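Asks: Just passing along the structure, written as structure tokens.
The values are calculated or read from the model by the stated rules, or taken from the named source; none is laboratory data. Everything numeric here is computed off the predicted structure, so don't read it as measured data. Cβ placement follows ideal geometry from the backbone for every residue including glycine, while neighbour counts extend to all protein chains displayed. Quick note on the areas: whole protein, heavy atoms, side chains included, nothing else; ligands and nucleic acids left out. Shrake-Rupley method; radii C 1.70, N 1.55, O 1.52, S 1.80 Å.
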Amino acid sequence: MRILSCGILRNELEHLMAGQDVQRVYVEPGLHVDLQKLQSCIEESLEKDEYRSLFFGQKCHPDLAYIADKRGVSLPKAQNCIEMILGDRLADLDAEAKTFYVTAGWLENWQAIFMDGLRWDEVDARQNFGYYDRIVLLDTGVAHVDEMQVLAFYEYTQVPIEILAVDLSHLRGLIEKLLEK
């Protein structure tokens, strides 16, 4: 069995699926900043190999549900990787403040996503992140959170960053549902 996932979730999926007979293939994190590249990458991967599931949020690409249905592969019932991890808890956190969420995977790749992919300089970053009251870094406990990366991301966005320890029970449930099919 094989799944295709965004590389942002690599740490979490490797942790949760360790020892399982499931081959995990990851696409470059942050491809959703270029929808054409993301679609091409997913479709080329699906043409080359047989996959059981696409592990992306349904909002990562506007045609993702169609692509998955056309190829007969499953897709988790979640809008994005943050909802995959938080589940219903996301609404509660959103009610507290205007929040931008990242994981260790996002933190490892923020420069490639925002600076290289979106081509945001510090002014662009501050204009776009200025909407948010806070950035919440979801610490799943499976990847090292580098304090220097947190500081660099803060300097880039100028938005306070809170670290929130979270468990992986919701993500585990999504994986189990996809693998049952």
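Asks: Since TYR26 meets every condition but one in (1) touching a helix residue (DSSP H, G or I) at 6+ places or on another chain (Cβ under 7 Å); (2) over 22 Å from HIS170 (Cβ atoms); (3) open to solvent by 10 Å² or more (accessible area, probe 1.4 Å), which condition does it not meet?
Replies: That leaves (2) as the condition not met.
Asks: Collect the residues in segment 1-53 that are in contact with a Pro (Cβ under 8 Å, 6 or more places away or on another chain) and over 23 Å from GLY141 (Cα atoms), keeping them in residue-number order.
Replies: LEU35, SER53
Asks: Same structure, new question: Could you please let me know if ASP49 is free of Cβ contacts under 8 Å to residues at least 60 places away in the same chain, under 21 Å from GLY173 (Cα atoms), of a type outside the set (A, V, I, L, M) and surrounded by fewer than 15 Cβ atoms within 10 Å (Cβ to Cβ)? Don't jump to the end; show me each part of the working.
Replies: Working: free of Cβ contacts under 8 Å to residues at least 60 places away in the same chain: yes; under 21 Å from GLY173 (Cα atoms): no; of a type outside the set (A, V, I, L, M): yes; surrounded by fewer than 15 Cβ atoms within 10 Å (Cβ to Cβ): yes.
Against the criterion (free of Cβ contacts under 8 Å to residues at least 60 places away in the same chain, under 21 Å from GLY173 (Cα atoms), of a type outside the set (A, V, I, L, M) and surrounded by fewer than 15 Cβ atoms within 10 Å (Cβ to Cβ)), ASP49 does not qualify.
Asks: Let me confirm something: among VAL166, VAL150, which residue is more than 26 Å from ARG24 (Cβ to Cβ) and open to solvent by less than 40 Å² (accessible area, probe 1.4 Å)? First the steps, then the outcome.
Replies: Values: VAL166 fails: more than 26 Å from ARG24 (Cβ to Cβ).
The unique qualifying residue is VAL150.
Asks: Right, here's the next one. Just give me the residues in segment 66-95 being open to solvent by less than 60 Å² (accessible area, probe 1.4 Å) and either free of Cβ contacts under 8 Å to residues at least 24 places away in the same chain or not in a helix (DSSP H, G or I) (or both), in sequence order.
Replies: Answer for segment 66-95, where residues must be open to solvent by less than 60 Å² (accessible area, probe 1.4 Å) and either free of Cβ contacts under 8 Å to residues at least 24 places away in the same chain or not in a helix (DSSP H, G or I) (or both): ALA68, VAL73, SER74, LEU75, PRO76, ALA78, ASN80, GLY87, LEU90.
Asks: Ok, one more. Could you tell me which numbered condition ILE135 fails, if it satisfies all but one of (1) open to solvent by less than 20 Å² (accessible area, probe 1.4 Å); (2) in contact with a strand residue (DSSP E or B) (Cβ under 9 Å, 6 or more places away or on another chain); (3) in a loop (DSSP other than H, G, I, E, B)?
Replies: Only one criterion is unmet by ILE135, namely (3).
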